[in-house]
Amino acid sequence: MDSFTDKVVLVTGGGAGIGRAAALRFAARGARVIVTGRRAEPLRALGAANPGVTFTAADAANPDDASRTVQSAIDRYGRLDVLVNNAGAGAILPLARATAKEIAAIFAANVIGPSLLAAAALPYLADTGGSIVNVSSTFGRKAAAALSHYAASKAALDHLTRCWALELAGMGVRVNAVAAGPTETEFLMERMGLSEAEAEAVKADERRRIPLGRRGTPDEVAHWIVALAAPAAAWITGQVVTVDGGLGIP
Ligand SMILES: NC(=O)c1ccc[n+]([C@@H]2O[C@H](COP(=O)([O-])OP(=O)(O)OC[C@H]3O[C@@H](n4cnc5c(N)ncnc54)[C@H](OP(=O)(O)O)[C@@H]3O)[C@@H](O)[C@H]2O)c1
């Protein structure tokens with residue numbers, strides 16, 4: 001098993017869902033993990049229950065929070081080995097009613113935030129030979145009606161992953177992404193703003209369309225986030241690994 005002993009890992013949106021599962025997996029392998037989220041309370045509870053996990057309240061969609069977030073890891077531990085850009089925003093947004101504000105909110109969380117966090121983290125990742133793992137979506141590659149701006153923001157994140165991999169390879173920094181398929185988290189209700197009935201209808205439809213017949217668990221996605229950051233992946237960069245029960249098979 002790869003060890004992250006003495007490594008410092010920053011996971012945005014680590015209080016729930018995929019980010020939380022990844023934070024716990026990193027911590028179980030010996031990492032000191034800092035999770036972020038906009039609400040402090042769930043993060044405080046996570047840290048209290050899990051030695052090795054601390055938190056910084058920060059909004060990945062707020063450009064002013066990026067350098068403060070990275071600095072909090074440096075102030076606490078003096079180094080940074082892994083940045084997981086996990087926090088994301090999405091919306092069911094048919095083109096006919098898309099507004100500039102809603103489109104900007106999606107790109108702020110899914111494209112601008114990860115970019116500014118990566119830029120702020122870069123000198124520290126270069127010092128440690130570290131890596132970045134971006135959390136993308138099957139819909140970064142697969143087209144989806146009424147999800148165009150979410151899907152396009154994840155397509156942008158996929159391509160940022162490849163471009164940064166080229167740009168940062170000379171500094172010894174690897175950049176990869178995990179493109180998740182429909183996963184059992186609060187994303188549909190909390191992030192997409194669906195009612196319980198709407199979320200259940202989407203889930204039933206997804207189960208029908210996923211070749212392996214079910215939605216994934218956060219831990220099934222988190223496994224690959226940790227794997228791409230691990231020493232065993234030292235020769236992997238610029239890749240988007242799809243973890244989606246086969247939904248994205250062309
Ligand atoms: N779930 C899926 O089906 C699915 C599928 C494909 C891809 N993904 C991607 O996987 C990532 C994680 O999704 P998830 O479903 O695990 O999320 P989630 O369960 O909806 O939320 C995870 C955490 O993110 C935090 N968060 C949300 N917006 C944030 C922001 N702007 N800054 C900092 N923290 C923020 C939330 O806490 P606060 O509200 O307190 O900030 C929450 O604790 C996203 O990038 C998403 O696009 C998810």
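Key figures
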read-out	value
Top-ranked residue of the stretch 5-16 - restricted to ones that are buried (at least 24 other Cβ atoms within 10 Å of the Cβ) and not hydrophobic (A, V, I, L, M, F, W, C), ranked as farthest from the ligand (Cβ to nearest atom)	GLY14
Count - residues of the stretch 25-41 that are open to solvent by less than 50 Å² (accessible area, probe 1.4 Å) and within 13 Å of the ligand (Cβ to nearest atom)	5
Count of residues meeting criterion [within 18 Å of THR69 (Cα to Cα), of a type in the set (Val, Ile, Thr) and within 15 Å of the ligand (Cβ to nearest atom)] in the stretch 81-120	3
First in the stretch 40-57 and hydroxyl-bearing (Ser, Thr, Tyr), second anywhere and open to solvent by 50 Å² or more (accessible area, probe 1.4 Å), Cβ under 7 Å, 6 or more apart	THR54/ARG76
Residue in the stretch 53-71 that is surrounded by the fewest Cβ atoms within 10 Å (Cβ to Cβ), counting only those that are among the small types (Gly, Ala, Ser) and in contact with a Lys or Arg (Cβ under 8 Å, 6 or more places away or on another chain)	ALA57
Matching entry among ILE92, ILE74, ILE106, ILE112 (being among the β-branched types (Val, Ile, Thr) and open to solvent by less than 10 Å² (accessible area, probe 1.4 Å))	ILE106
Residue in the stretch 61-74 that is under 30 Å from GLU198 (Cα atoms) and near the ligand (Cβ under 10 Å from one of its atoms) present	yes
Test: LEU46 is more than 13 Å from the chain's Cα centre (by Cα), within 16 Å of the ligand (Cβ to nearest atom) and either modelled with pLDDT under 95 or open to solvent by less than 40 Å² (accessible area, probe 1.4 Å) (or both)	yes
Matching residues, the stretch 232-246, being of a type outside the set (Val, Ile, Thr) and either under 19 Å from the mean Cα position of the chain (by Cα) or open to solvent by 20 Å² or more (accessible area, probe 1.4 Å) (or both)	ALA232, ALA233, ALA234, TRP235, GLY238, GLN239, ASP244, GLY245
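The values are calculated or read from the model by the stated rules, or taken from the named source; none is laboratory data. Predicted model only: the values in this text are computed from it and were never measured. Backbone-built Cβ (ideal geometry, glycine too); neighbour counts: all protein chains shown. What goes into the accessible areas is simple: the full protein's heavy atoms, side chains included, and nothing from ligands, DNA or RNA. Shrake-Rupley method; radii C 1.70, N 1.55, O 1.52, S 1.80 Å.
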